Amino acid sequence: MSENPGPPFPPYNTPEQPPKKKGFSFRVQMILFAASLVVAIGGFGVIITLNNIAGPEKQAKTLAVGDCVVLTGSGEEADAVKTPCDSPQAPYTVALAGVDKGDWSCNDRFYKYAVPTPLRGEGVGLCLAINAQVGLCFDDIESKTPPPLKDCGSARLKVSEVFPRTSVEESLCADDSAEVISYVGDGTSNFKSATICFVTP
């Protein structure tokens with residue numbers, strides 16, 4: 001007797017799965033992440049670097065009252081560089097240092113030196129005095145800007161004497177002095193009082 005297995009089972013139809021979306025592999029994702037991280041860090045570094053070197057005040061911003069300086073370059077490359085006060089090439093000393101917001105000014109007999117920092121909107125402001133050193137020669141010490149050193153063979157004025165004080169009771173300079181500058185220190189900073197006598201070379 002043959003067994004009748006019954007009607008065959010209907011075929012089982014598996015529904016079609018939607019095709020998987022192809023995406024970046026894990027390795028590609030990691031490469032893209034690392035690249036974006038490098039770009040972000042690089043951009044941050046550029047901003048910091050530009051902020052630090054913005055404008056020409058690379059060394060001027062480190063100066064303090066009492067430092068002696070020389071001026072280097074001109075225009076956008078101008079800078080004030082600290083120099084030993086006994087150097088024959090150091091014509092100025094810092095009497096006042098601060099922040100220039102476009103309105104920096106100095107009192108009479110001091111020379112204005114303002115260095116912009118364009119990315120920060122403010123700059124370095126200095127008031128410079130003649131470095132009280134016998135033998136330095138200049139032409140125009142009456143200017144508002146720092147007078148350049150001149151060769152004594154063609155200069156109009158030469159520092160002949162320097163006194164570490166000022167006096168309203170007597171003239172410290174000789175009668176034949178062509179010009180006299182007196183600076184009064186406030187006693188609390190490294191900028192000291194001085195009387196500087198000039199003669200014609």
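The values are calculated or read from the model by the stated rules, or taken from the named source; none is laboratory data. As the structure is a computational prediction, the values presented were derived from the model and not from experiment. Virtual Cβ from ideal backbone geometry, glycine too; neighbours counted across all protein chains shown. Accessible surface is based on the protein model in full, side chains and every heavy atom, while ligands, DNA and RNA are left aside. Shrake-Rupley method; radii C 1.70, N 1.55, O 1.52, S 1.80 Å.
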Hey, C152 open to solvent by 40 Å² or more (accessible area, probe 1.4 Å), within 20 Å of L71 (Cα to Cα) and assigned to a loop (DSSP other than H, G, I, E, B) or not: yes
Can you tell me which residues in the range 181-197 are exposed (fewer than 14 other Cβ atoms within 10 Å of the Cβ) and touching a strand residue (DSSP E or B) at 6+ places or on another chain (Cβ under 7 Å)? none
Residue check, I141 against (1) open to solvent by less than 30 Å² (accessible area, probe 1.4 Å); (2) within 27 Å of W104 (Cα to Cα); (3) not in a loop (DSSP other than H, G, I, E, B), all met but one. Which one? (3)
Here are some residues: V65, V134, V162. Which one is open to solvent by 30 Å² or more (accessible area, probe 1.4 Å), in contact with a strand residue (DSSP E or B) (Cβ under 6 Å, 6 or more places away or on another chain) and either farther than 25 Å from V199 by Cα or in contact (Cβ under 8 Å) with a residue 40 or more places away in the chain (or both)? V65
Please go through the range 165-180 and give me each residue that is assigned to a loop (DSSP other than H, G, I, E, B) and either touching a strand residue (DSSP E or B) at 6+ places or on another chain (Cβ under 6 Å) or without any contact (Cβ under 8 Å) to a residue 12 or more places away in the chain (or both), ordered by number. T166, V168, E169, E170, S171, L172, C173, D175, S177, A178
Could you tell me whether A95 is touching a Lys or Arg at 6+ places or on another chain (Cβ under 8 Å), closer than 15 Å to I196 by Cβ and either in a strand (DSSP E or B) or open to solvent by 60 Å² or more (accessible area, probe 1.4 Å) (or both)? no
Are any of the residues in the range 31-52 at pLDDT 90 or above and open to solvent by less than 40 Å² (accessible area, probe 1.4 Å)? no
Number of positions in the range 165-180 that are open to solvent by less than 50 Å² (accessible area, probe 1.4 Å) and out of contact with any Ser or Thr (no Cβ under 8 Å at 6 or more places or on another chain): 1
